[in-house]
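Undergrad: I'd like to ask some things about the structure below.
The values are calculated or read from the model by the stated rules, or taken from the named source; none is laboratory data. Just so it is clear, the structure is predicted and the values come from calculations on it, not from any experiment. For neighbour counting, all protein chains shown are included, and Cβ atoms are generated from backbone atoms with ideal geometry for every residue, glycine included.
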Amino acid sequence: MQRNMGFSLLEVLISVAILSIGVLALAGFNGNLYKSVRYSNDRAKAMASAQQLIDNYRALDFAQVISGADTTPGGCNQPSPHRIWTVANVAGTTNIKDMSVYVCWTDVTGVKQEMSFSTQIGVVAVAATATSVPTMPPSSNTPAPCTASTYVDGSSYATGGFVRNLGRKYKCTVGGWCTTGGPYAPGTGWAWQNAWSDEGLCE
């Protein structure tokens, strides 16, 4: 008896159907993976934009920390983050403000996304203190040597540490701001008194 070799039409159709199901499942997985990656990327951008706004406001003068919003057109109906922030004085204080940042955008599927952040911004009031000058012995005309290290902008400084800058000695009162430098540079920055106390001459 002669036997026919090969595949029947039914076997071919079944194979094509199974292959199609696998391809469709893979396509659906890739689509969901893309949406998840895009969603995570959008949220990371929103968090970064909110943190940047907060950092910028921390560097401003305390009186300039006020409510506001981005002026970009489209508002929440655009893919890039749109920020709206509100600032309010903390009851019973004069140097602390509550800041809330609302971020919104529209994702690739046309759905509006939202995130909210809250923090506090404040300044440290440094009381002016009189610095006593030690009386040198009559037999000595040489002042006591200043051992404080020279201040370097942007270097790390801990609370209680001493530095020398422009012929004067300064003591760090707020470590985080001492390290920031710039506006908090001892004796030169416009906000240095929030981070340092003047300890007198340092030659």
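Undergrad: Could you please find all residues in segment 78-106 being under 17 Å from Arg38 (Cβ atoms) and in a loop (DSSP other than H, G, I, E, B)? Walk me through how you get there before you give the answer.
TA: Residues of segment 78-106 that are under 17 Å from Arg38 (Cβ atoms), as a first pass: 78-81, 103-106.
Matches in segment 78-106: Gln78, Pro79, Ser80, Pro81.
Undergrad: Given the options Thr173, Thr180, Thr147, name the one that is among the hydroxyl-bearing types (Ser, Thr, Tyr), over 22 Å from Ala59 (Cβ atoms) and either modelled with pLDDT under 85 or not assigned by TED's automatic domain parsing to the domain that holds Leu60 (or both). Write out each step before concluding.
TA: Details: Thr173 fails: over 22 Å from Ala59 (Cβ atoms); Thr180 fails: over 22 Å from Ala59 (Cβ atoms).
Criteria check complete, one pass: Thr147.
Undergrad: Exactly one of these conditions fails for Ser140: (1) modelled with pLDDT of 85 or more; (2) closer than 30 Å to Ser197 by Cβ; (3) of a type in the set (S, T, N, Q). Give me its number.
TA: Result: Ser140 fails condition (1) only.
Undergrad: Would you check if Lys35 is among the basic types (Lys, Arg), outside the structural domain of Trp190 (by TED's automatic domain parsing), touching a residue at least 40 places away in the same chain (Cβ under 8 Å) and more than 30 Å from Ala191 (Cβ to Cβ)?
TA: Here the answer is yes, as Lys35 does meet what is asked.
Undergrad: Got a sec? Which of Asp42, Asp55 is surrounded by 10 or more Cβ atoms within 10 Å (Cβ to Cβ) and at pLDDT 85 or above?
TA: Criteria check complete, one pass: Asp42.
Undergrad: Give me the residue from segment 51-66 that is outside any helix (DSSP H, G or I) and over 12 Å from the mean Cα position of the chain (by Cα) and, out of that set, farthest from Thr94 (Cα to Cα).
TA: The qualifying residue farthest from Thr94 (Cα to Cα) is Leu60.
Undergrad: Separate question: Can you tell me which of Gly200, Gly176 is of a type outside the set (Lys, Arg), without any contact (Cβ under 8 Å) to a residue 12 or more places away in the chain and either out of contact with any Leu (no Cβ under 9 Å at 6 or more places or on another chain) or in a helix (DSSP H, G or I) (or both)?
TA: So the residue among Gly200, Gly176 that is of a type outside the set (Lys, Arg), without any contact (Cβ under 8 Å) to a residue 12 or more places away in the chain and either out of contact with any Leu (no Cβ under 9 Å at 6 or more places or on another chain) or in a helix (DSSP H, G or I) (or both) is Gly176.
Undergrad: A follow-up question, please. When only residues in segment 97-118 that are surrounded by 15 or more Cβ atoms within 10 Å (Cβ to Cβ) and among the aliphatic types (A, V, I, L, M) count, which is farthest from Ala44 (Cα to Cα)?
TA: Taking the candidates together, the pick is Met99.
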